[in-house]
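Worksheet for the structure shown next.
Taken together, the values in this text are just the output of simple stated rules run on the coordinates, not laboratory data. In this text the structure is predicted, and so the values were computed from the model without any measurement. As a convention, Cβ positions derive from the backbone with ideal geometry for all residues, glycine included, and neighbour counts pool all protein chains shown.
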Amino acid sequence: MTGRHSLELALPGASIGAVAGAMAGGLTLLAGQSAGMAGLAALALATPLALFGGLYGMLLGHGVFRPGTFGPIGLYWMAAFPVSRLAQEILVPTGGLAEGAGPFLAYQAMISLGFAIGFLWMHERIMPQWLVRRAGDNPLAGELLQKYLRFARIVRARKSARKGGR
């Protein structure tokens, strides 16, 4: 059952990664590529982003990451996003590796922080709702939901302390 419980925690992050990869396929279509090429580009990016997004949810559930923190997640995506883009570039070559893998990966690492911000923003809105639904059947979801609730209380206390100090 623990495997199923971990997989349930992976679903929100995997969904976000899959949608982000699919959107990249749409952008490929807008750039004038054929529908087949856009579909392949979407699949080639959606798959690794979904895997890394799901892994993030599992790691969050097992206490490796904490809700509401960006630094560790930024570092996580600084490694995971370039790997995902490299997989896409290998499967659907667009000339991105013309100058070599080093510059390509360095550029992808720089833009990965933007992806990390968007991923975290989406995840922080979807995951608590998912945890509320799964907490009764999934002890890992229940524990993670309690962490989110503690974090929300801390944020609320800080906000009210700031308002009271004005």
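Tabulated data
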| read-out | value |
| --- | --- |
| Cα long-axis angle, helix 101-134 against the chain (0 to 90 degrees, to the nearest 10) | 40 |
| Angle between the chain longest axis and helix 71-91 axis [Cα atoms, degrees, rounded to 10] | 30 |
| Computed over the stretch 2-165: relative contact order in percent, which uses C-alpha pairs under 8 Å that are six or more apart | 25 |
| Stretch gain in nm, segment Val155-Val19, where the contour uses 0.36 nm per residue and the Cα spacing is subtracted | 46.0 nm |
| Degrees separating the helix 2-30 axis from the principal Cα axis of the chain, which is the longest one | 40 |
| DSSP-assigned coil residues among GluC sites (Glu not before Pro) in the stretch 89-161, each with at most 10 further Cβ atoms within 10 Å | Glu99 |
| Simple spin-label estimate for Lys163 and Arg4 in nanometres, 7 Å along Cα-Cβ | 4.3 |
| Net charge contributed by nearby residues that have their C-beta within less than 15 Å of Ser15 (K/R +1, D/E -1) | +1 |
| Segment Met37-Tyr107, length gained on full extension (0.36 nm per residue, minus Cα span) | 22.9 nm |
| Two-site FRET efficiency, Glu143 against Ala79, from Cβ-Cβ distance with R₀ of 35 Å, rounded to 0.05 | 0.85 |
| Neighbourhood charge, 15 Å Cβ-Cβ cut-off, centred on Tyr107 and excluding it, Lys, Arg +1 and Asp, Glu -1 | -1 |
